[in-house]
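Inspection log for the structure reproduced underneath, given as structure tokens.
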Amino acid sequence: MAFEQSYFHCTKDITTYVVFMGCLMNTSAGVSLLSHNKIIENYFGTDKEVAKFFNEVGKDVAFDIKNNYLKDLFVELNEYCKNGWYVNWAGFKHTYFASPWATVSAFAAVMLLSLVVLQTLYTVISYYKKDGDK
């Protein structure tokens, strides 16, 4: 990055990549998510240290967001994050379905709730059916 910043005629590909990764990993939760999904491998230290590193290394860097090879990806990512539904759904999945056991227990809870609703409906229908016979 220092070389790219020093020479005007050099492409800014490494700087673009570092800034993009800094946008993705600005918190330890972002680093954790990327590590968990095997997008990055963290040999640096804790997730918090990696986030701090990327926040510091991309700080005060001359970068043109409109003129780089990842500009379309920057635009798509910003549009994706502006849509609150995707962000909320991702947070919901990360919170409640992080492990297979959490998924199984959520499925069991939904099934139990469905059976309770069906039992209640059956009881109410049978009660009104008895009243109609009298």
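For this structure, a couple of remarks:
- Here Ala98 meets each of (1) part of a helix (DSSP H, G or I); (2) out of contact with any helix residue (DSSP H, G or I) (no Cβ under 6 Å at 6 or more places or on another chain); (3) not aromatic (Phe, Trp, Tyr) with one exception, condition (1).
- If you go through the range 55-86 and keep only what is out of contact with any Phe, Trp or Tyr (no Cβ under 8 Å at 6 or more places or on another chain), among the hydrophobic types (A, V, I, L, M, F, W, C) and not in a loop (DSSP other than H, G, I, E, B), you end up with Val57, Val75, Leu77, Cys81, Trp85.
- Scanning the range 42-78 for residues that are more than 21 Å from Ser32 (Cα to Cα) and among the small types (Gly, Ala, Ser) returns a single hit, Ala62.
- Test result for Lys48, within 19 Å of the chain's Cα centre (by Cα) and among the basic types (Lys, Arg): yes
- Residue among Ala108, Ala102 that alone is modelled with pLDDT of 85 or more, within 27 Å of Gly30 (Cβ to Cβ) and out of contact with any Pro (no Cβ under 9 Å at 6 or more places or on another chain): Ala102
- Candidate set: the range 1-41, residues that are touching a Ser or Thr at 6+ places or on another chain (Cβ under 9 Å) and modelled with pLDDT under 85; chosen: the one surrounded by the fewest Cβ atoms within 10 Å (Cβ to Cβ): Gln5
- Residues that are loosely packed, with under 10 Cβ neighbours inside 10 Å and out of contact with any helix residue (DSSP H, G or I) (no Cβ under 8 Å at 6 or more places or on another chain) were ranked within the range 60-87; the one that is farthest from Phe20 (Cα to Cα) is Trp85.
The values are calculated or read from the model by the stated rules, or taken from the named source; none is laboratory data. Predicted model, so just to flag it, every value in this text is computed and none were measured. Note that we place each Cβ from the backbone using ideal geometry, even for glycine, and neighbour counts take in every protein chain shown.
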